[in-house]
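The values are calculated or read from the model by the stated rules, or taken from the named source; none is laboratory data. Since we're looking at a predicted model, the values are computed, not measured. Cβ atoms come from the backbone with ideal geometry, glycine included; neighbour counts cover every protein chain shown. Please note that ligands, DNA and RNA were not included when accessible areas were found on the heavy atoms of the full protein model with its side chains. Shrake-Rupley method; radii C 1.70, N 1.55, O 1.52, S 1.80 Å.
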Amino acid sequence: MTVPEVLTTIGRVRESIGAERRASRRVALVPTMGALHAGHLALVRRARELADTVIVSIFVNPLQFGPGEDLDRYPRTLEADVAALADAGVDYVFAPTAREMYPSGRSETLVTAGHIGTLYEGASRPGHFDGVLTIVSKLFNVTRPDIAVFGQKDAQQVFLVARMVAELDVPVEIEVVPTVREQDGLALSSRNRFLDEGQRAMALTISESLRAAEAAASEGLGEALAEATAAFGDHDAIALDYLVVVDPATFLPVVDDFHGLAVVLVAARVGPTRLIDNAAIVLG
């Protein structure tokens, strides 16, 4: 086991990755906010399969948190993260400070996510995706990866990053890894650690709603939405934020007579903790 080299400055990253590229080594980036779990490690394993050199960024990006969100509460576990990444064979960890990434304070130059960035997560968290795309763009510029690996759990983020790469001609390949779940179906999330035993049990409603939508998908959009929504029942302990079925090609809500592959997006708050999930379905 080799402990990854922890880099904290942009200059050191460019120096190290530059040496890798001069040696004709293929570089993969896995962007994270830390508090790593098995879902993150699945991304790392895929990166390891696709590239000679793997760099994992760990940065809790203040630009994607709005007022009243959990920026200060978000878990920071760098020492444990580095240890986990050593077991996974990661070469470099980029763990900058906010001042390193935003030396002038909050960045005035943003990559905007457009209309799709204002829907779903963007409606609940205004400006969130502008912050996401801005930091991802910065990480691409700093690390210059051949491949960047993301998780399907953040489906809207994946769509927007892939669109940014295509529209801005960014020379990076986007690889998407399926959502990793607990045995009972709960999608892995760094925020799951905030759930007490009762809240965690209630959080299973989210994945249950996705399974209900999948089971009813052959009956069409209306039935899929009705069954998915019914899974939430009248539970006071979980508050549904949104539940929508979108066309994966446009990420806009599908029309009533839509047939074919679609994606169900769901977000809900369990106590003070907000969780998201999604699943592909085929509407009949």
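Okay, here's what the table says:
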quantity: Leu63 crowded, with 17+ Cβ neighbours inside 10 Å and hydrophobic (A, V, I, L, M, F, W, C); calculated: yes
quantity: Unique match (being under 29 Å from Asp130 (Cβ atoms), surrounded by 14 or more Cβ atoms within 10 Å (Cβ to Cβ) and among the hydroxyl-bearing types (Ser, Thr, Tyr)) among Thr8, Thr53, Thr77; calculated: Thr77
quantity: Which numbered condition Tyr242 misses (of (1) under 18 Å from the mean Cα position of the chain (by Cα); (2) under 30 Å from Ala51 (Cα atoms)); calculated: (2)
quantity: Residue in region 155-175 that is closer than 21 Å to Leu210 by Cβ, touching a Pro at 6+ places or on another chain (Cβ under 8 Å), open to solvent by 20 Å² or more (accessible area, probe 1.4 Å) and modelled with pLDDT of 95 or more present; calculated: yes
quantity: Qualifying residues in region 245-268 (those that are part of a strand (DSSP E or B) and more than 17 Å from Ala123 (Cβ to Cβ)) - the one farthest from the chain's Cα centre (by Cα); calculated: Gly260
quantity: Only listed residue being part of a helix (DSSP H, G or I), more than 15 Å from Phe140 (Cβ to Cβ) and free of Cβ contacts under 8 Å to residues at least 60 places away in the same chain, chosen from Glu69, Glu79; calculated: Glu79
quantity: Subset of region 11-48 that is hydrophobic (A, V, I, L, M, F, W, C) and assigned to a loop (DSSP other than H, G, I, E, B) - its residue that is surrounded by the most Cβ atoms within 10 Å (Cβ to Cβ); calculated: Leu36
quantity: From Glu182, Glu227, residue being free of Cβ contacts under 8 Å to residues at least 12 places away in the same chain and either of a type in the set (Phe, Trp, Tyr) or open to solvent by 30 Å² or more (accessible area, probe 1.4 Å) (or both); calculated: Glu182
quantity: Lone unmet requirement of (1) free of Cβ contacts under 8 Å to residues at least 40 places away in the same chain; (2) open to solvent by 20 Å² or more (accessible area, probe 1.4 Å); (3) within 30 Å of Val266 (Cα to Cα); (4) not β-branched (Val, Ile, Thr) for Gly122; calculated: (2)
quantity: Tally of residues being part of a loop (DSSP other than H, G, I, E, B), touching a residue at least 12 places away in the same chain (Cβ under 8 Å) and open to solvent by 30 Å² or more (accessible area, probe 1.4 Å) across region 90-110; calculated: 6
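Quick grid of which residues meet (1) touching a residue at least 60 places away in the same chain (Cβ under 8 Å); (2) closer than 23 Å to Gln157 by Cα:
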residue: Asn192; (1), (2): yes, yes
residue: Glu219; (1), (2): yes, no
residue: Val244; (1), (2): yes, yes
residue: Gly260; (1), (2): no, yes
residue: Thr273; (1), (2): yes, yes
